[in-house]
1. In whole Hz, what ³J(HN,Hα) sequence does segment 118-128 give by Karplus (6.51, -1.76, 1.60; θ = phi - 60°), x for Gly and Pro?
2. What's the extension gain from LYS195 to ARG110 if we count 0.36 nm per residue and subtract their Cα-Cα distance?
3. 5 Å is the cut-off here: which amide hydrogens, built 1.01 Å from N in the peptide plane, fall below it relative to GLY212, excluding neighbours closer than 5 in sequence?
4. Cα centroids of segment 178-240 and segment 70-110: how far apart, whole angstrom?
5. What aspartates and glutamates does LYS195 reach when the alpha-carbon gap must be under 18 Å and sequence neighbours fewer than 8 apart in one chain are set aside?
6. Using a 1.4 Å probe on the protein heavy atoms only, what accessible surface does MET19 show? Give it in Å² to the nearest 10.
7. Show me the helices of the chain, taken as full DSSP H stretches, that run 20 Å or more along their long axis by Cα and average -0.5 or above in Kyte-Doolittle hydropathy.
8. Nearest 5 is fine: what % of DSSP beta bridges in the chain come out antiparallel, could you say?
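The values are calculated or read from the model by the stated rules, or taken from the named source; none is laboratory data. The structure displayed is predicted, hence computed values, not measured ones. Here the Cβ positions follow ideal geometry from the backbone for every residue, glycine too, while neighbour counts run over all protein chains shown. When the accessible area is computed, the model is the full protein with side chains, heavy atoms only, and any ligands, DNA or RNA have been set aside. Shrake-Rupley method; radii C 1.70, N 1.55, O 1.52, S 1.80 Å.
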Amino acid sequence: MSIAKKEYKRVTVKSLIEMKANKEKISMLTAYDYTMAKIVDGAGIDVILVGDSASNVMAGHETTLPITLDQMIYHASSVVRAIYRCLVVVDLPFGTYQGNSKNALESAIRIMKESGGHAVKLEGGSEISESISRILTAGIPVMGHLGLTPQSIYKFGTYTVRAKEEEEAKKLKEDAKLLEELGCFALVLEKVPAKLAKEVAESLTIPVIGIGAGNGVDGQVLVTHDMLGMTHEFNPRFLRRYLDLHTEMTNAFKQYSADVKSLDFPNENEQY
């Protein structure tokens with residue numbers, strides 16, 4: 001028997017779990033500023049991730065490691081002011097939760113109090129279980145993240161697909177189960193084989209959101225700037241570009257410059 005899709009005026013942690021139970025896929029995109037977040041929210045996307053990918057997209061760093069907690073709070077605050085419907089999940093940046101659960105709790109509390117975000121996301125499994133548990137004791141919802149974890153890029157040495165080998169796949173499945181047992185409300189799986197991701201999603205009651213993890217999971221996430229084609233150097237297999245804004249914006253800027261130099265802009269109707 002099919003279950004009618006429920007309309008959510010405001011998406012919550014509970015909403016996502018209901019969506020999985022009702023077999024409704026979850027849509028998730030990144031945003032780092034008010035203007036973009038307002039458009040994403042208005043389009044009916046379920047979850048906005050204020051990702052530490054802001055380190056790459058907004059600041060031009062090679063990795064996600066340099067972004068600070070203060071910077072993440074700034075970006076998250078801008079996003080929260082724009083939204084009416086989306087659940088806003090904020091990445092805890094590198095160095096704010098690894099190896100120190102007290103620091104993890106303090107970092108998560110700062111994000112929730114100062115940005116108004118609705119949940120935090122942490123990368124890793126058993127090695128950060130103490131930090132996750134401590135954050136959850138404060139009533140802060142936690143989203144997990146397994147597979148390719150960009151904050152560990154120097155450990156991996158590459159952005160290639162993770163968990164292709166049996167041993168790593170086994171650990172990923174164990175970590176996914178652990179994150180659910182600890183109390184995480186959802187899990188991101190990044191760049192893992194589709195078959196493994198589907199198996200993990202089917203084994204959990206919490207939603208699994210994939211990026212480069214096939215279509216057997218409970219939802220999908222992309223970096224908004226990538227799917228809009230604003231970035232053009234990054235071309236992984238999992239990325240679908242819905243627009244080519246890099247070309248369109250470049251052409252618009254060139255036309256503006258030409259119009260200014262030729263005295264075409266502003267014309268008589270564009271001045272006081």
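1. Once rounded to whole Hz, the list reads 9, 6, 10, 10, 10, 9, x, x, 4, 5, 10.
2. On the way: separation 85, 0.36 × 85 = 30.60 nm, distance 3.78 nm.
26.8 nm is the gain from fully extending LYS195 to ARG110.
3. LYS191
4. Their Cα centres are 20 Å away from one another.
5. Candidates past the 8-residue exclusion: GLU165, GLU166, GLU167, GLU168, GLU174, ASP175, ASP218.
6. In the full protein context, MET19 sits at about 0 Å².
7. Numbers: long enough: 101-115 (21 Å, -0.46); 166-182 (24 Å, -1.25); 245-261 (24 Å, -0.72).
Taking the DSSP H segments of the chain (at least 20 Å long, mean hydropathy at least -0.5), we get 101-115.
8. Numbers: 1 of 28 bridges.
Looking only at bridges with both residues in the chain, the antiparallel portion is about 5 percent.
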